[in-house]
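Enquirer: Handing you this structure, nothing more for now.
The values are calculated or read from the model by the stated rules, or taken from the named source; none is laboratory data. Keep in mind the model is a prediction, meaning the values are calculated, not measured. Note that we place each Cβ from the backbone using ideal geometry, even for glycine, and neighbour counts take in every protein chain shown. With ligands, DNA and RNA removed, areas are computed over all heavy atoms of the protein, side chains included. Shrake-Rupley method; radii C 1.70, N 1.55, O 1.52, S 1.80 Å.
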Number of protein chains: 2
Amino acid sequence: MKQPGRAERLEEASPVALRTVRADARRNLDALLEAAKAVFGTSGVDAPVREIAARAGVGIATVYRHFPQRSDLVAAVFRREVDACAAAAPTLGRAHQPVEALARWLRRYTSFIATKRGLAAALHSGDPAFDALPAYFRQNLEPALQSLLDAAVRAGQIRDDVEAYELLRAVGNLTLATGDDGVLQGRRMVDLLIDGLRFGARAPAASLPSKRRRPQR
Amino acid sequence: MKQPGRAERLEEASPVALRTVRADARRNLDALLEAAKAVFGTSGVDAPVREIAARAGVGIATVYRHFPQRSDLVAAVFRREVDACAAAAPTLGRAHQPVEALARWLRRYTSFIATKRGLAAALHSGDPAFDALPAYFRQNLEPALQSLLDAAVRAGQIRDDVEAYELLRAVGNLTLATGDDGVLQGRRMVDLLIDGLRFGARAPAASLPSKRRRPQR
DNA sequence: AGTGATACGGAACGACGTTCCGTTTGTCAA
DNA sequence: TTGACAAACGGAACGTCGTTCCGTATCACT
């Protein structure tokens, strides 16, 4: 099962000349990912495959040629967005002051999470296509955030006792837990969190324990 | 919408004579709930309606007459099991020593949770039929467990700084988080938790903080 | 320009949730 | 008991979904 397909061989060997992959195939794959991202954002990850195919201007079979199962498409879109979000970190880091870059990236991350309604449930559905996703998420986003955090700490603009992963989880929960309505409310909470990071900057503060207080409720 | 149905009126007025509800209807409803419970337990809450109807020896339309939507059936089975689980508490409390009753009830509760794979996802699906379920869960199970806890504390058999709701959540997470395989492993962890309750009995213990340590990871 | 592999579109399939409707069955009055 | 009517029934039928199949069109290379 799963014949290798002689195209992929060349693709890995010579990253520049990726011939033997037909132009229309590549074009359709891009359109598909783009359409899926848009549709998932508006209708959730449970949107029908037909709707995505229609939006991409493509037949249904084309979807299934690139992604043997529906869940593979979901996973591919997810990975692509993780990549884009991670890639935004160094760009922002170069363009802004450390703490500003951090704030902007967290907002970027927030809007990424906001489009993922319904995916949290899918992740626990047991579909093997999603097995590798949590690890992919962490492996890419944690270093991206970590670098921004480090820079801000070095600049003395934020406290130094918060780790990237816990911040990722906290912000993620903050924007998901607000339900369907409070996208703005979630963003406000994230801003509050960022101010919290600023508060302890360059001040080990005897009154502040090294761990955040347990969130109430 | 949701016409009252003249049958229910009498049902409330005279608890004994519940005429005007045809005998076969009541019989089928019971069979349906029973079958759904069994099927949900083996095939998960996503099992087809047809399978449940077949198991109950009933037509599909009969299912939809009693439960206008599939999710209503799921909710009804859930409520029924919550009721049964809550009702087990006083029974066990009368039949055993306090800490033994507590342990038995928690295991009972564990096996209830174990059949709920896939329901956690359904709860967050946004279906209005599930809106009231979390509150129903807590309102019934928390007092049931609380009474067992209180009895065990009064008997000096367990520590007194654990609240019913946090224990409900902890045991719930413990048995759900173990994934598909570790039903037994989950049960072992719950037993461990019960031993933890015993440990601090009648001993305020200066070395033990009043709150459990944060779970690692 | 010709040719063979590659990718395409859309009809078709099976399974699902849900609805419809002709038929059966329980209940109550006579 | 029997008759009649509302209540409840069963299963075919509908629309939608994920997925597969297959005849056709398109790209890449000579």
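Enquirer: Restricting region B:125-149 to residues that are away from every other protein chain (no Cβ under 14 Å) and either loosely packed, with under 14 Cβ neighbours inside 10 Å or of a type in the set (Ser, Thr, Tyr) (or both), which is nearest to the chain's Cα centre (by Cα)?
Expert: Top of the filtered list is B:136.
Enquirer: Does residue A:101 fit the bill of being within 14 Å of chain B (Cβ to nearest Cβ) and either exposed (fewer than 15 other Cβ atoms within 10 Å of the Cβ) or within 19 Å of the chain's Cα centre (by Cα) (or both)?
Expert: Details: within 14 Å of chain B (Cβ to nearest Cβ): no; either exposed (fewer than 15 other Cβ atoms within 10 Å of the Cβ) or within 19 Å of the chain's Cα centre (by Cα) (or both): yes.
Judged against the criteria, residue A:101 is not a match.
Enquirer: Would you check if residue A:123 is in contact with a Pro (Cβ under 8 Å, 6 or more places away or on another chain) and modelled with pLDDT under 90? Steps first, answer last, please.
Expert: Values: in contact with a Pro (Cβ under 8 Å, 6 or more places away or on another chain): yes; modelled with pLDDT under 90: yes.
So residue A:123 fits the description; yes.
Enquirer: Which of the numbered conditions does residue A:165 fail, given that it passes all the others? Conditions: (1) at pLDDT 90 or above; (2) outside any helix (DSSP H, G or I); (3) within 13 Å of chain B (Cβ to nearest Cβ).
Expert: Answer for residue A:165: the failing condition is (2).
Enquirer: Closer than 30 Å to residue A:199 by Cα and either within 12 Å of DNA strand D (Cβ to nearest atom) or modelled with pLDDT of 95 or more (or both): which single residue out of A:68, A:90 fits that description?
Expert: Working: A:68 fails: closer than 30 Å to residue A:199 by Cα.
The match here is A:90.
Residue by residue, here is whether (1) free of Cβ contacts under 8 Å to residues at least 60 places away in the same chain; (2) of a type in the set (Gly, Ala, Ser) holds:
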residue	(1), (2)
A:117	no, no
A:125	yes, yes
A:129	no, yes
A:135	yes, yes
A:144	yes, yes
A:151	yes, yes
A:154	yes, no
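Enquirer: If you take the residues in region B:39-63 that are in a helix (DSSP H, G or I) and within 18 Å of residue B:112 (Cα to Cα), which one is most open to solvent (accessible area, probe 1.4 Å)? Steps first, answer last, please.
Expert: Here is the first cut: in region B:39-63, the ones in a helix (DSSP H, G or I) are B:39-43, B:49-55, B:60-63.
Those left that are additionally within 18 Å of residue B:112 (Cα to Cα): B:39-43.
On the way: B:39: 2, B:40: 11, B:41: 41, B:42: 110, B:43: 63 Å².
Among them, the one singled out is B:42.
Enquirer: Which one of these is within 14 Å of chain A (Cβ to nearest Cβ), surrounded by 14 or more Cβ atoms within 10 Å (Cβ to Cβ) and in a helix (DSSP H, G or I): B:122, B:36, B:88?
Expert: On the way: B:36 fails: within 14 Å of chain A (Cβ to nearest Cβ); B:88 fails: within 14 Å of chain A (Cβ to nearest Cβ).
Result of the check over B:122, B:36, B:88: B:122.
Enquirer: I'd like to know if region B:107-117 contains one or more residues that are out of contact with any Lys or Arg (no Cβ under 8 Å at 6 or more places or on another chain) and within 14 Å of chain A (Cβ to nearest Cβ).
Expert: yes
Enquirer: Let me ask something else. Taking only region A:38-68 into account, find how many residues are touching a Ser or Thr at 6+ places or on another chain (Cβ under 8 Å) and away from DNA strand C (no atom under 13 Å from the Cβ).
Expert: So the count comes out to 3.
Enquirer: Test residue A:45 against the criterion of being outside the structural domain of residue A:163 (by TED's automatic domain parsing) and under 17 Å from the mean Cα position of the chain (by Cα), and give yes or no. Give the steps one after another, and end with the answer.
Expert: Working: outside the structural domain of residue A:163 (by TED's automatic domain parsing): yes; under 17 Å from the mean Cα position of the chain (by Cα): yes.
So residue A:45 fits the description; yes.
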